[in-house]
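Participant: Would you mind keeping the following structure in view while I ask a few things?
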Amino acid sequence: MQDLVDAIADMMEDDALALTRKYLDQGVPPLKVLDAYKEALGIVGKRFEAGSYFVPELILAGEMMKTASDLIKSQIGSQEQEGGAKKKGKLLLGTVEGDIHDIGKDMVHMLMDINGFEVRDLGVDVPVQRFCDEYKAFEPDIVGLSGLLTLSFESMKQVVDALKEAGMRDKVKVIIGGGQVDEHACTYVEADAWMTDAVAGVKYALEWVESREKGRVP
Amino acid sequence: MIVIGEKINGTRKGVAQAIQDRDAAFVRELAIRQFENGAAYLDLNAGTLPRSEPDDMVWLVEIVQEAVPEATLCLDSANPRALRAGIEKAVKTPMVNSLSGEQFRIDGVLPLACEFQSELIVLPLDDNGIPRTSDGRLNIVSRLVAMTRERGLPDNKLFIDPLVMAISTGTENGNITLETTRKIREEFPQVHLTCGLSNISFGMPLRSILNQAFLALLIAAGMDSALINAEERELRGIMMAAETLLGKDRHCMNFNRAFRAGKIGPQQVS
C-alpha cells in the first residue's frame, strides 16, 4: 500500500481517501490500513523535524487519520477495530495555570492519540489542584505539562511539587513542553524531560513506553 | 500607524534574564533601537513572578523612560499592583495593556485606567475564553466600551485588539480578525484598533511574508496601530505603502520622505 502511504504523507487528501476505500473494499484488514496511516504519519513527523512541514501539515495529517478511522468504524463496527488496538499507555495533558497557549499541546494530544495512547486533555490555564485530582482519578503513565510563557515554569514546578507531596512522583514520567523550555527549566521544575516540539515529545514518550515494556526501565 | 514596539517582554527568556540580572544596558538598547525604528510606544512586560513584578515593572519604567523620554510607555501586565507602581513611576501617563472581559481585569485594571485617564488596550475575550466569531468578540467589546464610557474614559483613549489567531490552525482565522476589525471600526468610529500581528503566522514557514500581507489587509479593514517588531524593515515598508495606497498619505509625502531618509526600501550600502 505504498501508494496510500505516499498519498497521506504528501497531503493528497482526496487520493488518500479514495485509496483507503479501495483497499478496504478489496478486503484488506482495517488494522493494516491504519498501519499505513501510522507509517505515513511517521514520515510527516520527520518532514516536520526537517523543517519542510509545519503546523498545518500536522493538523491535516491528523484529520486524514480521523477520517480513515471514522470510515473504518462505520464499515466494520468499533468493536472489531478497537479489539486489536490495546492502549500503549495513558497521558495526562494540559497547559499550566497562567498560560492559555495550546497549539503545541493540541498537536501532542493528536499525535499521542494516533500512536495508541489514551489521552486525557485538561485544556489550558489548568490549576495545580486539578492536575492532582485528575492524576489520582486517571493514573497516567506520563504527565505532559505545556506552557509558552516563562511564568509557566513556576506553575509546572508547583505541579511536580504537588505530585511529590502526594507520594506520586516516582510512579510517573513528567515531560514539560513549550517554545521556551530548556535544560534549566527542566532542572528547576524537576521534570524528567523537556521538549520544544510535539513530534520530539511523542517520540520520547513512545521510546519510553516501549523500553518499559521490554523490561528496561530507564 | 501608531507602532507599539513589542520587544521588551519578560515572558521571553532573554528579557526575563536581563530583568532578573538588572541588566540596564540590555533594556536601554532594546528601547532605543525600537524607538529609532518608529515605535512611538514601547510595550513593557515584566513577565516574571507575581511577587517581584511590581518592582521589576518600576525598574523597566525607570530605565526605559530615561533612555527614550519622547516615547510613551505601554505597561503590559494583568497585575494591578504592578500597573499602579509603573504608572506612578512614569513621567508621562503610560498606556495600559490591557482590559478584557475577565472579571479580575474589570475589577483590577478598569478603575486604574479611568483614574489616570490612560490610553487602554481592550481585548475581546472573557472568562469563557476567546470567541471564535466576530459577533462574539464584538459583544464583549460593546460591553467593555459601555463600562469605559460610563466611567468617563473617552473612546479615543481606547485601543481595541480584535485578536489575531494563527492561520495555521484555522483557515478562517484571518477572516474572523478582519471582520471583527471592520465591525469595531464601524460601530465605534472614535476608537483606535491595534493587534499582536505576528500571531497570524505562528506555525508557518515564511512568517515575515504572512505578517506583511496581513498587516496590509488589516490596515484596509481599519487598523491604525499594531504591536510589532519595529526593526523589521520590510514590514515598515509594507505598512507605509498600505497607508499611502489607502489615501492616508497626502501627495504620498510620508512614503517618499521615508524613502529619501533611507527608512524603507533596500538597505543602502554605506
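What follows draws every value from the coordinates through simple rules; no lab data is involved. None of these values were measured; they are calculated from a predicted model. Ideal geometry is used to build each Cβ from the backbone, glycine not excepted, and the neighbour counts take in all protein chains shown.
Participant: Along region A:206-212, what does the Karplus equation 6.51 cos²θ - 1.76 cosθ + 1.60 (θ = phi - 60°) give for ³J(HN,Hα), rounded to whole Hz, x for Gly and Pro?
Facilitator: Coupling constants for region A:206-212: 5, 4, 5, 5, 5, 5, 5 Hz.
Participant: Same structure, new question: Computed FRET efficiency, Cβ-Cβ of A:Asp14 and B:Glu234, R0 35 Å: what is it to the nearest 0.05?
Facilitator: 0.45
Participant: Across peptide A:171-182, how many C-beta atoms of other chains are within 10 Å of each residue C-beta, on average?
Facilitator: 1
Participant: List the DSSP H helices in chain B whose Cα atoms stretch 15 Å or more along the helix axis and whose mean Kyte-Doolittle hydropathy is at least 0.0.
Facilitator: Membrane-span-like by this criterion, though nothing is claimed about a membrane: B:24-36, B:53-67, B:207-221, B:233-245.
Participant: Averaged over its residues, how many other protein chain Cβ atoms are within 10 Å of peptide A:53-64's Cβ atoms?
Facilitator: Mean shielding count: 3.
Participant: Just going by the charge dipole of the protein assembly as shown, with Lys and Arg at +1 and Asp and Glu at -1 on Cβ, which of B:Phe214, B:Asn254, B:Leu75 is farthest out on the positive end?
Facilitator: B:Asn254
Participant: Taking amide H atoms as placed 1.01 Å from N in the peptide plane, list the residues 5 or more away in sequence, or in a different chain, whose amide H sits under 5 Å from that of B:Leu73.
Facilitator: B:Leu42, B:Met95
Participant: What FRET efficiency comes out for B:Glu70 versus B:Ser208 if R0 is 25 angstrom and r is the Cβ-Cβ distance? Round to the nearest 0.05.
Facilitator: E between B:Glu70 and B:Ser208, to the nearest 0.05, is 0.35.
Participant: With labels modelled as points extended 7 Å from the Cα through the Cβ direction, what inter-label distance (nm, one decimal) is found for A:Lys46 paired with A:Ala200?
Facilitator: If labels sit at A:Lys46 and A:Ala200, their model points lie 1.9 nm apart.
Participant: What area, in nm² and to one decimal, does the C-alpha convex hull of region A:89-213 cast on average over all directions?
Facilitator: About 6.4 nm², averaged over all directions.
Participant: Could I ask something else about it? By how many nm would the segment from B:Glu88 to B:Arg151 lengthen if fully extended, with 0.36 nm per residue of separation less the alpha-carbon distance?
Facilitator: Extending this stretch completely gives an extra 20.6 nm.
Participant: Return one number: the angle in degrees, 0 to 90 and rounded to the nearest 10, between the long axis of the Cα atoms of helix A:128-138 and the longest principal axis of the Cα atoms of chain A.
Facilitator: It is inclined by approximately 50 degrees.
Participant: Using a 10 Å cut-off on Cβ atoms, rank the peptides A:189-195, A:205-211 from the highest mean neighbour count down.
Facilitator: A:189-195, A:205-211
Participant: Within region A:135-177, name every residue whose backbone N is under 15 Å away from a label modeled 7 Å from Cα of A:Ser211 along the Cβ vector.
Facilitator: From region A:135-177, the list is A:173-175.
Participant: About the Cα centre, and with charges only on the beta carbon of Lys, Arg (+1) and Asp, Glu (-1), how big is the dipole of region A:2-83? Nearest 20 debye, please.
Facilitator: 160 debye
Participant: Within 10 Å of each Cβ of A:145-154, how many other protein chain Cβ atoms are there on average?
Facilitator: Partner-chain Cβ atoms within 10 Å, mean over residues of A:145-154: 4.
Participant: Quick one: which residues, 5+ away or cross-chain, put their amide H under 5 Å from the amide H of B:Ser98? H built at 1.01 Å from N.
Facilitator: B:Ser77
Participant: What nm distance separates the two modelled labels at A:Asp182 and A:Lys87, each placed 7 Å from Cα along Cα→Cβ?
Facilitator: 3.7 nm
Participant: Can you work out the PRE-style zone for A:Met168? Point 7 Å along Cα to Cβ, and I want the residues of region A:123-147 with backbone N under 17 Å.
Facilitator: What the label zone holds, given the 17 Å backbone N cut-off, is A:123, A:126-146.
Participant: Tilt of helix A:55-76 relative to the longest C-alpha principal axis of chain A, in degrees (0 to 90, nearest 10)?
Facilitator: Taking Cα atoms only, the helix is inclined about 60 degrees.
Participant: In percent, how large is the relative contact order of region A:89-213, given Cα pairs closer than 8 Å and 6 or more residues apart?
Facilitator: 27 percent.
Participant: Which pairs in the list B:Lys13/B:Lys183; B:Lys13/B:Lys248; B:Lys183/B:Lys263; A:Lys22/A:Lys90; A:Lys46/A:Lys73 are over 31 Å apart, alpha-carbon to alpha-carbon?
Facilitator: B:Lys13/B:Lys183; B:Lys13/B:Lys248; B:Lys183/B:Lys263; A:Lys22/A:Lys90
Participant: Hey, what number do you get for chain B at 222 nm if only DSSP H runs of n ≥ 4 count, each worth -39500 (n - 2.57), divided across all residues, to the nearest 500?
Facilitator: Dividing the helical sum by the residues of chain B leaves -14500 deg cm²/dmol.
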